[in-house]
Amino acid sequence: MRLKSKYVTKQYEKMKKNSVFMVIAAIGMIVTSCGSGINTNAKLSSDVDSALYAYGVASGAGLREGLKTLPGAEDKETFDALIAGFAVALNGKTSDLKMTPEEAQEYFQNYAMTAQTKQLEAAKAEGEAFLASNRGKAGVITTESGLQYKVITEGTGKKPAAENTVIAHYTGKLLDDTVFDSSIGGEPAEFPLLSVIQGWTEVLQLMPVGSKYEVWIPSELAYNYPQHQLYNKLLIFEIELLGIKE
């Protein structure tokens, strides 16, 4: 769970790669690269035809994957509007376009940004509502920062200091129980406490070695920067402190 860990880097790169704005690039690539008209039963009578068909399949598959990140598109059963825009643009009938390419790009960007903002606000509100209801549950302790934790097992060892490097096993989940990271099944994680998210730095200093806690970390104590895919999300961890590295 280090801010510069391989997991975070991998997930951030994946987020950028699958960003909704990649859809614009895919649309532009297809529009500028294909000929006029759409024929789903095209004959592959030459190497060039086969290459173009392969290019279309790859582009279409990439576009479909990209659309999964477009808010609202995941609920669509058909993409009639998308296909209509393709067909008109591919045929070069600019007079039939309901918006110019420039207007289309601007609209798409504004839509994506607005939708993303709404999603982030909803995630923030959901996390705050959960923490408010969780606060009064048996065994749940709320710290001054707003972090919440519950002792599963209380160890008898030494508590680490902020400057220490610790060894721990952990599993991280979202409110819907999606596991986004875990060390279980592999080697324990080893990291300096000052290199992890703020919520981890705080709670691990409360844990004697040998302890296992369930921890609820408010978004402002987690990945509190908009570029991260877990931005504005409440994170739930089960952390077992195995040792302090000397």
Environment charge of ILE184, counting only residues whose C-beta is closer than 13 Å and scoring Lys/Arg +1, Asp/Glu -1
-2
In region 56-133, what trypsin sites (Lys or Arg not before Pro) fall in a loop by DSSP, with at most 15 other Cβ atoms inside 10 Å?
LYS68, LYS76, LYS93, LYS98
Checking rank on 192-198, 132-138, 173-179, with mean other Cβ inside 10 Å and highest first, the result is 192-198, 173-179, 132-138
Rank SER95, SER50, TYR107 by how far each Cα sits towards the positive end of the charge dipole of region 46-153 (+1 on Lys, Arg Cβ; -1 on Asp, Glu Cβ) and give me just the farthest.
TYR107
Does region 168-212 come out rounded, prolate or oblate, given a ≥ b ≥ c as the square roots of the eigenvalues of its C-alpha gyration tensor, rounded meaning a/c under 1.5 and, failing that, prolate meaning a/b above b/c?
prolate
Amide H to amide H under 5 Å from ILE152: which residues, 5+ apart in sequence or cross-chain, H placed 1.01 Å off N in plane?
LYS212, TYR213, GLU214
Alpha-carbon Rg with Dmax, taken over region 123-245, Å:
13.8, 39
Distant-in-sequence amide H partners of SER182 (H built 1.01 Å from N, under 5 Å)
GLY172
How high is the FRET efficiency from ILE141 to ARG64, r the C-beta distance, R0 51 Å, rounded to 0.05?
0.65
If you average the C-alpha positions of region 103-139 and of region 167-210 separately, how far apart do those two centres end up, in angstrom?
24 Å
Return the loop-located GluC sites (Glu not before Pro) in region 134-212 (DSSP other than H, G, I, E, B) with at most 10 other Cβ atoms within 10 Å of their own Cβ; answer none if there are none.
GLU144, GLU163
Qualifying GluC sites (Glu not before Pro) for region 39-112 [loop in DSSP, other Cβ within 10 Å: at most 15]
GLU77
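Read-outs: derived from the displayed coordinates by stated rules, not from any lab. Owing to the predicted nature of the structure, the values given are computational and were not obtained by experimental measurement. All Cβ positions, even for glycine, are placed from backbone atoms using ideal geometry, and neighbour counts span all protein chains on display.
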